[in-house]
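Reading through the structure tokens given below for one structure.
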């Protein structure tokens with residue numbers, strides 16, 4: 001396997017990155033580590049792309065085409081509770097989404113592919129991206145604006161994301177939508193203050209908010225096709241002054257998830273019309289602010305076929321999983337997939353002897369992916385790159 005020579009170094013890099021997590025737009029140390037490795041291997045390195053983004057260009061024996069491999073670098077604002085000896089040394093910041101593993105595995109792929117560069121039928125551009133967690137802005141758009149997909153033009157892109165729902169050794173991918181769009185929703189409901197004993201003298205913003213929340217669910221059940229998917233979740237409610245006062249203001253904040261850009265584009269008007277209609281019918285008013293975030297992540301069918309064959313070639317049929325349904329979690333790799341044929345695969349990272357219910361999921365303060373998955377990720381990258389570049 002391609003990873004054997006470099007695996008201990010990859011684990012060392014991952015643990016170092018994990019110990020020193022950096023939030024979105026602050027990935028200076030992590031990006032410099034990536035850049036230094038790329039430079040040590042003789043790649044053409046560019047820094048400060050879309051913030052702290054870094055790229056390394058590995059030139060093969062010809063320039064017939066270029067494939068991009070992307071890893072994200074930022075951490076989350078969480079206090080780590082894993083108890084690992086290499087746990088975060090930064091209070092309130094933790095790699096709870098596996099971006100430390102993504103960066104380390106991509107560095108492993110750099111090492112392996114560098115050794116066979118003279119046999120590669122094309123180029124490989126390694127993309128280390130900041131700010132994936134910075135929804136709704138993200139880090140991918142900034143790198144795209146700064147020309148990461150040009151000079152030379154990137155023809156296709158691959159990415160991996162550790163996925164604890166699946167056992168170590170499994171690689172999961174599907175054609176079409178694999179992850180959802182993620183938008184932000186802010187609603188202010190206005191009423192009229194009154195004493196709690198005299199509701200007829202006021203307009204109860206809390207009561208209106210309750211009706212708005214219930215009515216928003218009818219959008220999913222009655223305005224979105226049952227063959228499509230959408231979620232409207234209100235995550236925070238802020239309102240009220242005292243137990244016996246009818247409030248004049250309630251603020252709601254939530255998220256909207258969809259799988260198709262056509263559905264995503266319809267949601268602002270549907271939500272605004274519903275919320276305002278309910279509020280006005282009850283004598284109040286409301287303001288709706290809808291902020292579009294990451295689009296749906298849509299995998300290219302041709303790349304899925306090629307990568308599936310690569311997985312089977314490497315690990316056998318049992319390692320490949322085609323999920324029945326996509327997930328409505330979001331990923332800003334979707335911005336890359338809008339620009340070029342792209343594929344994000346999930347990488348199983350849960351030991352086979354641990355049940356799903358007993359293993360911490362993504363964005364959990366106890367999330368600790370199995371390091372045995374790294375070899376699968378590195379080998380997947382290398383084999384798929386070779387197979388892609390060998391297509392005539």
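Results, tabulated for the structure shown:
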| read-out | value |
| --- | --- |
| Identity of the residue in the range 223-261, touching a residue at least 60 places away in the same chain (Cβ under 8 Å) and part of a loop (DSSP other than H, G, I, E, B), that ends up surrounded by the most Cβ atoms within 10 Å (Cβ to Cβ) | 259 |
| Residue identified as under 20 Å from residue 213 (Cα atoms), surrounded by fewer than 14 Cβ atoms within 10 Å (Cβ to Cβ), in contact (Cβ under 8 Å) with a residue 12 or more places away in the chain and in the same structural domain as residue 216 (by TED's automatic domain parsing) among 289, 276 | 289 |
| Criterion: under 30 Å from residue 344 (Cβ atoms) and not assigned by TED's automatic domain parsing to the domain that holds residue 352 - qualifying residue of 186, 126 | 186 |
| Hits in the range 88-110 - residues which are in contact with a helix residue (DSSP H, G or I) (Cβ under 7 Å, 6 or more places away or on another chain) and either part of a loop (DSSP other than H, G, I, E, B) or over 18 Å from residue 372 (Cα atoms) (or both) | 88, 89, 95, 110 |
| Unique residue being outside the structural domain of residue 328 (by TED's automatic domain parsing) and either touching a residue at least 60 places away in the same chain (Cβ under 8 Å) or surrounded by 15 or more Cβ atoms within 10 Å (Cβ to Cβ) (or both) when the list is 217, 264 | 264 |
| Count of the range 7-64 residues which are assigned to a loop (DSSP other than H, G, I, E, B), touching a helix residue (DSSP H, G or I) at 6+ places or on another chain (Cβ under 9 Å) and surrounded by fewer than 15 Cβ atoms within 10 Å (Cβ to Cβ) | 3 |
| Selection count where residues are more than 23 Å from residue 326 (Cα to Cα) and either outside the structural domain of residue 50 (by TED's automatic domain parsing) or under 15 Å from the mean Cα position of the chain (by Cα) (or both), scope the range 142-163 | 0 |
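The values are calculated or read from the model by the stated rules, or taken from the named source; none is laboratory data. Keep in mind that what you see is a predicted model, and the values were worked out from it rather than measured. Every residue, glycine among them, receives a Cβ derived from its backbone with ideal geometry; neighbour counts consider all protein chains shown.
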